[in-house]
Amino acid sequence: MRKPLVAGNWKLNGTLASNRQWASAVSPPPSVDVVVCPPAVYLPQMLDVLQGTQVLVGSQDASEHGSGAFTGEIAASMLDELGVNYVIVGHSERRSLFAESDQRVAAKFTAVAQAQLTPILCVGETEEEREAGQTEAVVQRQLSAVFDVADKGLWQNAVIAYEPVWAIGTGRTATPEMAQAVHKTIRDMLTEALGEDSAQQVRLLYGGSVKPDNAKALFEQNDIDGGLVGGASLKAEDFMAIVAAAEE
């Protein structure tokens, strides 16, 4: 059995005061791994206020470079030194708004995994791609770019989040059956690339307007092991309701 994982992606949100309030209100059960990914400037604060709790801290991004003349970038080794555990790579907003290619995402995945951090690799199709029947092809293309450069050993602690781009922040959600179908495709790809045993160990998350009222039905699917939660992760009460759905 894969342990459920619920990760909150705060995106460009948070304040010192609201972050402290959120941390004081979140107390997950040990049966669910819980991660919060605040903006980078708040990582030290969240690592401090969440120390000794069940909540781990993740970064929303990391550079594919280890050091050098890359103004504004943050290396995976720096995140590791802080005490960060997880790193989101390839979020659809990074791909679309900041023009990150499949190859750059693959390089980031490799850098994060080599730093002994857990990458949360995001894949997913746009509305136009889904309507054109290209969902499976898009997900396969995005994953294949990572398989091409990341050794099998780097997948040992990896997490994959399927996030249909058309469902992010729109209030629209893939039905549980739609989401499971894509998760099954991802699991099959992992099996082909890594072997059955290794593929069964990789946790697959659904991301795309996950809310307290739809989380349970999504998490009941065979290949959905939790969620990558955006807007609903900003409210501690809603986030804890989603964690509770994962525990069930």
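Kindly list, by first and then second residue, each pair from a residue in the stretch 170-189 that is closer than 11 Å to residue 135 by Cβ and without any contact (Cβ under 8 Å) to a residue 12 or more places away in the chain to a residue that is of a type in the set (A, V, I, L, M) and not in a loop (DSSP other than H, G, I, E, B), limited to pairs with Cβ atoms under 9 Å and residues at least 6 apart or on different chains. From residues that are closer than 11 Å to residue 135 by Cβ and without any contact (Cβ under 8 Å) to a residue 12 or more places away in the chain, there are no pairs. Any residue in the stretch 37-51 that is surrounded by fewer than 20 Cβ atoms within 10 Å (Cβ to Cβ), touching a strand residue (DSSP E or B) at 6+ places or on another chain (Cβ under 6 Å), assigned to a helix (DSSP H, G or I) and aliphatic (A, V, I, L, M)? Checked against the condition, which is being surrounded by fewer than 20 Cβ atoms within 10 Å (Cβ to Cβ), touching a strand residue (DSSP E or B) at 6+ places or on another chain (Cβ under 6 Å), assigned to a helix (DSSP H, G or I) and aliphatic (A, V, I, L, M), the stretch 37-51 yields at least one hit.
Answer yes if at least one residue in the stretch 151-162 is among the hydroxyl-bearing types (Ser, Thr, Tyr), buried (at least 22 other Cβ atoms within 10 Å of the Cβ) and within 26 Å of residue 211 (Cβ to Cβ), and no otherwise. Yes, there is a match, as at least one residue in the stretch 151-162 is among the hydroxyl-bearing types (Ser, Thr, Tyr), buried (at least 22 other Cβ atoms within 10 Å of the Cβ) and within 26 Å of residue 211 (Cβ to Cβ).
Candidates in the stretch 121-151 are the residues that are part of a loop (DSSP other than H, G, I, E, B) and within 21 Å of residue 229 (Cα to Cα); of these, the one that is modelled with the lowest pLDDT is 126. Of all residues in the stretch 63-83, those that are under 15 Å from residue 117 (Cα atoms) and of a type in the set (A, V, I, L, M, F, W, C) have Cβ atoms under 6 Å from Cβ atoms of residues that are at pLDDT 95 or above and surrounded by fewer than 16 Cβ atoms within 10 Å (Cβ to Cβ), 6 or more apart or on another chain, in 75/66. Residue 96 fulfils the conditions (1) assigned to a loop (DSSP other than H, G, I, E, B); (2) touching a residue at least 40 places away in the same chain (Cβ under 8 Å); (3) within 17 Å of the chain's Cα centre (by Cα) except for a single criterion, (1). Taking the stretch 12-36 as the range and being surrounded by fewer than 17 Cβ atoms within 10 Å (Cβ to Cβ) and not in a helix (DSSP H, G or I) as the test, the residues that pass are 12, 13, 15, 27, 29, 30, 31. Anything in the stretch 62-81 that is of a type outside the set (Asp, Glu) and either within 28 Å of residue 164 (Cβ to Cβ) or surrounded by 14 or more Cβ atoms within 10 Å (Cβ to Cβ) (or both)? List them, or say none. Selection gives 62, 63, 65, 74, 75, 76, 77, 78, 79. Look at the stretch 109-120: where a residue is outside any strand (DSSP E or B) and a partner is among the aromatic types (Phe, Trp, Tyr), sitting 6+ places away or on another chain with Cβ atoms under 8 Å, you get 113/155; 117/86.
The values are calculated or read from the model by the stated rules, or taken from the named source; none is laboratory data. Every value quoted in this text rests on a predicted model; they were computed, and no experiment measured them. So basically every Cβ, Gly included, is an ideal-geometry build from the backbone, and we count neighbours across all protein chains shown.
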